[in-house]
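Contents: one structure, followed by commentary.
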Amino acid sequence: MIRGGRSYVTSPPSFSNDAKKLLVCTGNTVSVFSAATGLQVTSLEGHTAPVTTLIVVPASSPAQKILCYCWTASLDGTVRHWDFSGPELLKTIEAQHPIYSMVIPSLLSEPQQQIDKRRQLSDKLVAYVSVEDTSVVKEGSKELRGHIRRFNLAKPRIPRGDTLKETAEPESIVISPSGEFFGIRHKCKIHIWDVPSGGSRHAVSRKMTLHHSKFINVFAFHPTERIVVAGDVTGRVLIWRGVGNRKLALGNQKKKVRAMVDLDNAGVRGEDDAESCTTWHWHSAEVNVLNFSSDGAYLYSGGREGVLVVWQLDTGKKKFLPRIGSPLLYFMWSQDPTLSSVVCADNQIHLLKMPSMEILRTISGIKPPPSLPRMYEGLASTVAFDRSSGIAALCTENYCVQLYNLLNDRGISEIQVCERNHQPGDEITVVVTAVALSLDGSVMSTTEVKLPEDGIGGLVSLKFWMSEPDSKTFTLSTIVYEPHRDAGVSAIAFHPTRRMAVSTSFGGDFKIWVCNSEKNQTDKDSSWICHAVGSYKKKPMTAAAFSGDGSVLAVAAENVITLWNPDKNILLSVLGATLTPITKLCFAGKSEFLVAASHFPRPELSVWNASKLSLSWSYGLRIEAVTSAVDSSSFAVLALIPKSFKTDESKENIFRSRDGAILLFNGSDPKPVSIWTVMQAKGGSISFLEGDKTQVRLAYVNGNHEYVVFDPNSDESHERSAVDYDGLVGQEETGDAGYTSLYGQLPDYDKKRMEDAESLATPFVSSERPWETIFSGSTLNFPPLEKLCAEFFESLMEKRTAVVE
Amino acid sequence: MEEELRVRLNEHHQVSKVFPVKPKSTAKPVSESETPESRYWSSFKPHSIPNLVSSISALAFSPVHPHSLAVAHSASVSLFSSLSLSSSRRFSFRDVVSSVCFRSDGALFAACDLSGVVQVFDIKERMALRSLRSHTAPARFVKYPFQDKLHLVSGGDDGVVKYWDVAGSTVISDLLGHKDYVRCGDCSPVNDSMFITGSYDHTVKVWDARVDKSKWIAEINHGLPVEDVVYLPSGGMIATAGGNSVKVWDLIGGGKMVCSMESHNKTVTSLCVGRMDSAETRLVSVALDGYMKVFDYGRAKVTYSMRFPAPLMSLCLSPDGSTRVIGGSNGVVFAGKKKLRDAGEKKSLSLWSVRSEVDESRRRALRPTYFRYFQRGQSEKPSKEDYFVKQKKGLKLARHDKLLKKFRHKEALVSVLEEKKPANVVAVMEELVARRKLMKCVSNMEEGELGMLLGFLQRYCTVQRYSGLLMGLTKKVLETRAEDIKGKNEFKGLLRNLKREVNQEIRIQQSLLEIQGVIAPLMRIAGRS
């Protein structure tokens, strides 16, 4: 089973100290990408719930740049310490409550210098975490669930900890780059604490608050000066200078100073402790990103409109990186001054070349589904599958089709369907409504609709794309403007073996298109022309499908199914009527059974026998997608579980949050062969993947574009489906992914070290003798070179080890 | 891996890209308009020689350079220079000339007329060298054998083919066999004593002068009165024209038909073998329907077809392939000239320049130690070992694109209206629709700009390609700007024109509907049967 399509953008990524790796939180794991190639190198697996925070232990000297340690915190209530070059888990700390955010000030303020010094300090490795107090969660209660607490990470189990602040929802904590302050935003306020110095456990953090009249979205601390910037929902960027000069610095003389409040604190609200507050207003919508450059001279801001703005802090001069095409979520700079990254809401992480702000490369996750206008909901087919290579073509927000390899969870390329820039937040005026791929994956077809303004200027166009032979991308072959006059295209289907396609329209006709390249053999100057037009009693044509051998074309004309000879364009026969208009049609493999699905106003799944022209059986199920295997007569449907069924008490446990089911049928048998329940089935789609003949797999992409590829016939997945299939999100990884899938599991030669709580930051020393084992086994399983070298040299200098011990 | 990398590297171009507005692409013809073949045959630059009296009955090119052209028209033969197509000399006959032929060295030519006399002329002298009188009826063709300078073949309406000794003005043999008028003949390109003749008795007969039983050695039945015959370059195959069909026969294989071409609509009058650039040969035919057709007899396919404004009588292609002449029945010679690439000359030139090229390359090799190295300019060509860094090509933005980029929508619309390119205007309008700004632009327009917009709408709103958008827009403009338009003198004319356009369009639509009403029942009946 392959699982993928996780979001890369749930929490900010982090560069490693040498800026060669980028760590990204991907669901329950942390994926490590190479910044040079943009490919995944390894992943840290161990958390059982989504990882929310990722802190790379910073290096204080150039020599330590190769150190690869990081802390992660997760909703499963644990904090873990990793060596991500390995990758290996060094330490796990139970925190009992789901952690939404965590900062460790001492990592920044007192960077590790020498190992022994660190070890002395290690007992006061204090972290501030934002947790959700699950003990007080009750339905409808107004308890403050979000707590900001102080933990000591040196202990393997953390007691309750001191609570600094309680909020309604868990907030994320922001720390200043110097490690002196941290704070949270809370509605229109920013609460800031200073980190008690000296390291005494019981020192109390002092707190101050900054006020604003709008909801604050994000804020950031200046690396050296006492400047706080905040971005609000209206797009303003506020800059407070001299923050906390009185309250935080002067400490005990707080009261005296407050008396001296004078009026020249321009722009500062009430009695906020700041010298001045200025406002920059460029962003038209909410600000999501604020980050200072490492020297504090520049401020990076970005927001919903997808433009990265660089402000010169002293002068307010701006520079832009426009047309990113998606709301920005995070901006991270790296130790390498020429590299930084910007994270977008469409699951893309762009690596920027720095002073020029060019996008060097993109780590592209699967893009989220586009938001369609209401009239196209349920009609658009925005996902298509290339069955042989396991590539999915997905319509995206920015008028592109993304090709995504489901088998190795990697974006391949993007094809610009409409030559337009996408501006997030603008009114949607152009929609890519459908994408279809031919069975061999060599031809793609898309339809787009330009919505009219005041009833003028609407345009429907149908495009045919040919795949490039070498790289997996497509080039435009033919554009058809208004293929069915002004009526919209309802479905596109490709002939299974030949270059032939059919498009059906709500305007009451369907057209068969053929490619004329067959005679001159060159794909380059091929074009598609209309071969035939057909209609049936002027009824809207809503779906189409070719039979397994391509000799019969089935077109749904509202609630009847018409069967045609696609070559001669002759109506062969008409299959009786369903109760409601058909939205999906599919032949069950090479058999004579025809599956039809309709959902409005009464959902129905019906299976017709095309040779006897009769209805075989039907269910009252709302179907989201239908797919059939090419060779066998089995087919699978993705059905939404009816609400009435779900509310049944006894079944509630089984379904929990899952709203859909994949049912596998075999030909005429109305009893499903197997059933899997899934989450977020609405808007999902399924397809059989038949790369190699021996293994038929079923791919399911859910409404959020997360996906799973599994073997429908293997016993292992049967078991899961029958008892308790854990849904998509909660499901533990069963197959190996990324690095481990390629090279196998690393040997656990340092298990013992993990148990040793004191050796938290001492990877170079070990109580055991690792060199005795490291060279045993396959060379593929060797640890990375820098680690290996260290170990090896240690083995040569045994004395040194002894001393440390 | 590398491939993947490349894809990723390409991606960043995609992210921040400006898309200039583009007009909708128009349909391309389904079939290829240009094949190498059609390019060759249409590259003859038309050049016609008008004002010759009566129809052009025969044409001939001299086989030696500079390939002067003999045109037989009415009772005279005119010689033209093939380079300038200017008339140089004219020979008069007693009756209408029916055929003309050059000797292999190009110094003499023979012609026959309807009085039955075959005459031989020196091209430099006005008077005939020999007059061969023997035909008792109009002579229809005369031919010099391929290399033989001493004999002639002629045929005529008396049904006799005569083999002449030119020097002695005597008939060597009378070849009897044709039962009707002999209209045409050709001599073998491989054997000087072999020739074929075609006759109105539907047959083509092959003769050999060495066999003197006055008996043909082979016979082919074309099935229709034969108008022209021609040997194909191999000498083993012939092509015959009769009625509206052209047939290719294999003589060596026993007179079997190889292929036939029947794409002419009227009688084919003349045949000729043409040699293309690629040394392939084609059969070219002209007919009374005014078409010249190029027939690829290897593939049995008509590869090119060209229409002329008169029935065509005769055809000839110059041996070097540079000139194509076709004689029309109205006394016009449709000549076509082609710029000849002097391949031979060039070759000799390059032979000469080999040495200097070597010198050149030695001279050119610049080293950083040379002074000239630093004087290289922009036009300096990269040498082989240079690593070529491609300059990023900037995107060219038109004025309206720049304005659209700055969100100055109305100005963009006005600037594109000034350009007077309707496709671009419509493209900008579509972009504005996508931005939901078109109606705002219209309502913001000032008077002069509104006039410009109305002028554009008046001119193009009924053009089918744009009418989908412009009809609706015109209505909206008139509705929203009614107050500004009403009563203004400068708009009166525009509105009147607009009204007229719309009325005309309505009339067209109505008549189209009527036609549809007529056709629909017919179609239905046709569909039923």
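Every number here is computed from the coordinates shown, using simple stated rules; none is lab data. Quick caveat: nothing in here was measured; it's all calculated off a predicted structure. Neighbour counts are summed over all protein chains in view; Cβ atoms, including those assigned to glycine, are modelled from backbone coordinates with ideal geometry.
Some notes on this structure:
- Overall dimensions of the stretch A:352-486 by Cα: Rg and Dmax, Å: 15.7, 50
- Basic side chains Lys and Arg get +1 at the Cβ, acidic Asp and Glu get -1 at the Cβ, and with that the dipole of the stretch B:32-96 about its Cα centre reaches some 380 debye.
- Out-of-range pairs (alpha-carbon distance over 31 Å; input A:472/B:24; B:437/B:488; B:215/B:337; B:421/B:492; A:353/B:437): B:215/B:337; A:353/B:437
- By average C-beta atoms within 10 angstrom, highest first, the peptides B:367-375, B:166-174, A:624-632: A:624-632, B:166-174, B:367-375
- Axis of helix B:489-528 versus longest Cα principal axis of chain B: the two differ by about 60°, to the nearest ten degrees.
- Rounded to 10°, Cα long-axis angle of helix B:343-364 versus longest principal axis of chain B: 50
- Peptide B:470-480 has a mean of 2 when you count, residue by residue, the C-beta atoms of other protein chains within 10 Å of its C-beta.
- Entry for the stretch B:13-145 at q = 0.09 Å⁻¹: log10 I(q)/I(0) = -0.41, Debye formula applied to identical alpha-carbon scatterers, no solvent contribution.
- Lys/Arg +1, Asp/Glu -1 at C-beta; chain B dipole; positive extreme among B:521, B:194, B:369: B:369
- With Cα atoms, 0 to 90° folded angle of helix B:409-419 axis to chain B main axis: 30
- All C-alpha to C-alpha distances of the stretch B:36-338, sorted into 20 Å bins beginning at zero, yield P(r) values of 37, 60, 3 percent in whole numbers.
- Cβ-Cβ FRET estimate between residue A:96 and residue A:354, R0 fixed at 30 Å, reported to 0.05: 0.15
- The calculated FRET efficiency for the pair residue A:319 and residue A:674, based on their C-beta separation and a Förster distance of 56 Å, comes to about 0.45.
- Counted residue by residue at 0.36 nm each, then reduced by the alpha carbon distance between them, the extension gain from residue A:615 to residue A:573 reaches 13.7 nm.
- Two-site FRET efficiency, residue A:276 against residue B:500, from Cβ-Cβ distance with R₀ of 60 Å, rounded to 0.05: 0.30
- Applying the criteria of a DSSP loop state and at most 16 other Cβ atoms within 10 Å to the trypsin sites (Lys or Arg not before Pro) of the stretch B:45-101 yields B:94.
- Using a simple spin-label model with pseudo-atoms 7 Å out from Cα toward Cβ, residue B:18 and residue B:388 lie 2.8 nm apart.
- Virtual spin-label span in nm between residue B:27 and residue B:465, 7 Å along Cα→Cβ: 1.3
- 10 Å Cβ shell holding at most 15 others, DSSP loop, GluC sites (Glu not before Pro): longest site-free stretch of chain B: B:126-261
- Counting only Cα atoms, the size of the stretch A:305-360 along its three principal axes is 33, 26, 16 Å, in decreasing order.
- Test item: A:449-460 mean partner chain Cβ contacts at 10 Å: 6
- Within 10 Å of each Cβ in B:429-438, the average number of Cβ atoms from other chains: 5
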